[in-house]
Amino acid sequence: MSELMIRNGGQLVSTETIDGEIATLNLGPTHPATHGIFQNVMKVDGERIISAEPTIGYIHRAFEKLAERRPYNQITPITDRLNYCSSPINNMGWHMTVEKLAGIELPKRVEYMRVIIMELARIADHLVCNAVIGVDTGALTGFTYMFQEREKIYDMYEEVCGARLTTNIGRIGGFERDFSPAFLQKLRTWLKEFPAKFDEFDRLLTRNRIFMDRVVKAGPITPEMALEYSFTGPNLRAAGVDYDVRVMNPYSSYQDFEFDVPIGSDGDTYDRFVVRQEEIRQSLRIIHQALDNLPSGSFHADVPAFYLPAKEDVYTSMEALIYHFKIVMGETPIPAGEVYHSVEGANGELGFYLVSDGGRTPYRLHFRRPCFIYYQAYPEMIKGSMLSDAILTMSSMNVIAGELDA
Amino acid sequence: MGNWNNQTALEAIEAAFAGKIISTEETYGLLNIEVSPADAYEVIAWLKNHESLKMQFLTDLCAVHYPDKEGKELGVIYHLHSLQNNFRIRVKAFMPKEQAEIASLIPLFKGANWMERETFDFYGIHFTGHPDLRRILNMDDMDYHPLLKEYALEDETRTDKQDKFFGR
């Protein structure tokens, strides 16, 4: 007989007595319910979790070390592989960091184009996360519908950059090509068709009694605790703190757009789900505004030292050939200095701390990876809850293994 | 909402810690403050508990290695953020490599736990008072700290990527 007295966020979770002995349960490293390679060694009494010990680093690829040997334009593909559910946000966050360091001013059109792509990426990421919460509660239907929509977003990426998952989209200074008519056509069609399907998904889960019974009060966190653990993104907002980098430190012309920052109150799995649902709607609002007011002009800044010249110029003009060679060989002049730039990634504040000594590669590059920082609260959030709630808590936190392990 | 900016914050910090601020700098609009590792905890605690500055959010914690700066080879870099004032600050503490020790921030920010473990893992900096200072991303039986500059990423005899061949 063991008396369970477990405290979670200052509140007594369970005082019931469970008959039985403490068992050790190995959840992961490869388990279909963990959505990535991470391990949790749990102590359980029956189905109730007494403690959890996470082990991470299974897909650590030494990105920070690699970055110290790569020219600036070759680091973009590394950023793809952080949060691979929304690679374009990482790519553009990195471009903006270098642009901030080098003092590059962008045409308004580039900033609006970036906003469109970044918001599409946020929608794709949130769709995956919320659809997977559905799967973990046993509702596979919504997942299949929403994955079709994600697929359409990937088709749109493909029109812009040729890639789908690890996009390597854009360049330092802008985009490699302008939005094609095919892309704009696909985007407009999708903007028309998506809301109805999304509402259907919303009706399937958000007020569904069975779903709500499973997720309400599962894995809650208080705003104080969320701030202690440096939570950011939808997880922090679900706890009731209205911190959004897009509003607090606007980048890429986010100040031009009107959108709301949804916040929750309990910080539980349900709130995280609902906050993401609402953020998808707000992202659609932003995309509409950006598309309607898309300024004319160039799709890249006039920075020949960073931005690869057009291929036909490389073959015919001396300057273009020189710049092409210098960029490819990593010989772009870059000022010495240090800069921190952050963007609102799909799961939180994605920061880049870049120290440059003026050499061809960064002297030091540190990624502030939101899920690495907030995943450490996981054992505390699931203490005293049922094992099945722990699975839901993990999927609703949107922990992406690539970003967790860098 | 207070109206804090780099100048007013710097004045307040200098008034509170006369002689303890080694250097200050403003890079890309962000205030940098360098303190000694012995004072870092005290300064950050003051920033966090200040009644109107309220730097209650630890955005980031990482380290940098400068092998050529004698006695200041390793630096711990803190990024703090005051959400109420929307004001950011960067605190740096440099220390010699042989004596890489600094107080852990866990009593102030629980989130510092894994960030400090990561920094220990890659740079070998000891955070005194940390309850569980183990490697986090690398394997446990690794016997070196891989982000230190002496560990070259590629074959060190390779010369084709040296800066001097690129006009620097």
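Of note:
- Considering helices alone, the calculated mean residue ellipticity of chain B at 222 nm is -6500 deg cm²/dmol, with DSSP H runs of length four and up weighted by -39500 (n - 2.57) and normalised per residue.
- Ellipticity at 222 nm from helices only: DSSP H runs of n ≥ 4 in chain A, each -39500 (n - 2.57), divided by the residue count, give -14500 deg cm²/dmol.
- Kyte-Doolittle mean at least 0.0, axial Cα span of 24 Å or more - DSSP H helices of chain A: A:108-136
- Bridging of A:LYS311 to lysines at a Cα separation below 29 Å is possible for A:LYS100, A:LYS108, A:LYS186, A:LYS326, B:LYS161, B:LYS164, once same-chain residues fewer than 8 apart are set aside.
- Simple rule: put +1 on each Lys or Arg Cβ and -1 on each Asp or Glu Cβ in the range A:71-405, find the dipole, and look at A:LEU365, A:PHE273, A:PRO262; the Cα lying farthest toward the positive end is A:PHE273.
- Note on the range B:6-166: Cα Rg divided by 2.2 N^0.38 Å, N the number of residues, gives 1.14.
- From least to most packed, judged by other beta carbons within 10 angstrom and beginning with the fewest, A:ILE210, A:ILE59, A:ILE221 follow the order A:ILE210, A:ILE59, A:ILE221.
- A Cβ-based charge dipole, computed about the Cα centre of the protein assembly as shown with Lys and Arg at +1 and Asp and Glu at -1, lands at about 860 debye.
- Residue with peak Gaussian network fluctuation, chain B [Cα springs, cutoff 10 Å], from B:GLU118, B:GLU154, B:GLU34: B:GLU154
- Cβ charges +1 (Lys, Arg) and -1 (Asp, Glu), total dipole of the range A:71-405, debye: 420 debye
- Reach of A:LYS197 by Cα under 20 Å, taken over aspartates and glutamates that are not fewer than 8 positions away in the same chain: A:GLU119, A:ASP125, A:GLU149, A:GLU151, A:ASP155, A:GLU278, A:GLU279
- Cα shape, the protein assembly as shown, gyration tensor, a/c 1.5 rule: oblate
- Considering only B:ALA15, A:ILE169, A:THR232, and ranking their Cα positions along the charge dipole of the protein assembly as shown that arises from unit charges at the beta-carbon of Lys, Arg, Asp and Glu, the one farthest toward the positive end is A:ILE169.
Read-outs: derived from the displayed coordinates by stated rules, not from any lab. Not measured: the values here are computed from a predicted model. Please note: Cβ atoms are built from the backbone with ideal geometry, for glycine as well, and neighbour counts cover all protein chains shown.
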